[in-house]
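Working notes, beginning with the structure itself.
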Amino acid sequence: MTTGHVFIGTSLDGFIARKNDDIAWLTDYPTRGEDHGFNAHMARVDGVIMGRGTYETIKDMRPWYYSKPVVVLSRSLTQADIPGEIADKVEVMNGTPEDATQRLGERGWTAAYVDGGSVIQSFLRAGLIEDMVISRIPVLIGDGISLFGSLDADLMLEHLDTKAFPSGLVQSLYRVKR
Ligand SMILES: NC(=O)c1ccc[n+]([C@@H]2O[C@H](COP(=O)([O-])OP(=O)(O)OC[C@H]3O[C@@H](n4cnc5c(N)ncnc54)[C@H](OP(=O)(O)O)[C@@H]3O)[C@@H](O)[C@H]2O)c1
């Protein structure tokens with residue numbers, strides 16, 4: 001089965017986007033050319049599993065942002081909704097986190113970058129996230145789309161590392177305890 005790995009930026013108050021999907025507070029934050037490890041993270045995964053919400057916010061990016069296959073979890077989209085230019089790079093999958101990791105594991109994926117607030121939450125609930133790199137931007141945005149949500153039971157994490165960058169971004173690596 002494929003393991004899930006999170007790499008995500010949040011406001012200090014725990015949001016990944018405003019309610020209207022605006023993430024300028026994150027993308028425009030001046031990080032002075034620092035390497036926060038995104039390329040190294042991409043190198044260790046076989047592809048990306050993202051929610052339809054995240055896909056909707058990046059689908060018009062050209063050139064296409066991802067060097068590895070992207071699977072969009074959705075019950076409302078079909079493959080016919082994916083624009084022709086990226087149809088060979090993006091696959092719509094209608095299934096639970098368990099189905100998706102099972103199917104991708106059968107294709108040889110050992111590790112997947114799991115992205116999108118609701119999708120990360122459902123993978124956490126399903127016990128399919130192995131580790132999380134969370135980069136906190138020193139800003140409070142007050143309201144928005146939360147990274148974390150309700151759980152059936154507490155989930156214990158092991159803190160492995162925290163780095164504070166000169167820009168003020170603070171990045172922590174956690175492993176989910178089994
Ligand atoms: N700060 C960051 O680093 C970062 C990273 C990624 C995303 N974002 C932002 O986060 C926002 C999107 O997050 P989000 O939480 O709204 O949406 P999301 O998790 O990306 O997508 C949720 C959608 O995925 C589909 N889905 C299919 N299976 C699912 C499952 N098992 N669990 C949950 N959803 C499933 C559903 O759409 P259907 O109705 O089609 O089934 C659901 O509405 C965007 O604003 C994006 O820009 C920020």
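Relative contact order, percent, of the chain when contacts are C-alpha pairs under 8 Å separated by at least 6 residues?
Across the chain, relative contact order equals 36 percent.
For the chain, give the magnitude of the charge dipole about the Cα centre (Cβ charges: +1 Lys/Arg, -1 Asp/Glu; no others), in debye to the nearest 20. Let's see the in-between values first.
Values: 18 positive and 24 negative charges, 31 e Å.
It works out to roughly 140 debye.
Rounded to the nearest 0.05, what FRET efficiency do Ser76 and Thr110 have when you use their Cβ-Cβ distance and R0 = 30 Å?
On the way: r = 29 Å, r/R0 = 0.97.
That pair, Ser76 with Thr110, gives E of 0.55.
Could you calculate, for the stretch 1-79, the ratio of the Cα radius of gyration to the Kirkwood radius, expressed as Rg to Rh?
With Rh from the inverse mean 1/r over Cα pairs, Rg/Rh is 0.95.
Give the residue list of trypsin sites (Lys or Arg not before Pro) in the stretch 4-94 that are DSSP loop and have at most 12 other beta-carbon atoms within 10 angstrom.
Answer in residue order: Lys19, Arg32, Arg75.
For the residues His41, His159, what sequence is obtained by ranking on other C-beta atoms within 10 Å, fewest first?
On the way: His41 15, His159 9.
Ascending number of Cβ neighbours within 10 Å: His159, His41.
Size of the dipole of the stretch 1-49 about the Cα centre, Lys and Arg at +1 and Asp and Glu at -1 on the beta carbon, nothing else charged, in debye to 20?
In total the dipole reaches around 80 debye.
List the relative contact order of the stretch 83-178 as a percent without decimals, with contacts defined as Cα pairs under 8 Å and 6+ residues apart.
After rounding, I find 27 percent.
Roughly how many whole Å is it from the C-alpha centroid of the stretch 14-53 to that of the stretch 73-107?
The stretch 14-53 and the stretch 73-107 have Cα centres separated by 21 Å.
Let me have the 222 nm mean residue ellipticity of the chain computed from DSSP H runs of 4+ only, each contributing -39500 (n - 2.57), with the sum over all residues rounded to the nearest 500. The partial results should precede the final answer.
Numbers: 5 runs with 37 residues, N = 178.
Helix-only estimate at 222 nm: -5500 deg cm²/dmol.
In whole Å, what are the extents of the chain along the principal axes defined by its C-alpha atoms, from largest to smallest?
Ordered largest first, the chain gives principal extents of 42, 39, 30 Å.
Laboratory data are not the source of any read-out in this text; all were calculated from the coordinates shown. Just so we're clear, the structure is a prediction, and the values are computed from it rather than from any experiment. With ideal geometry, Cβ positions are generated from the backbone for all residues, glycine too; neighbour counts draw on all protein chains shown.
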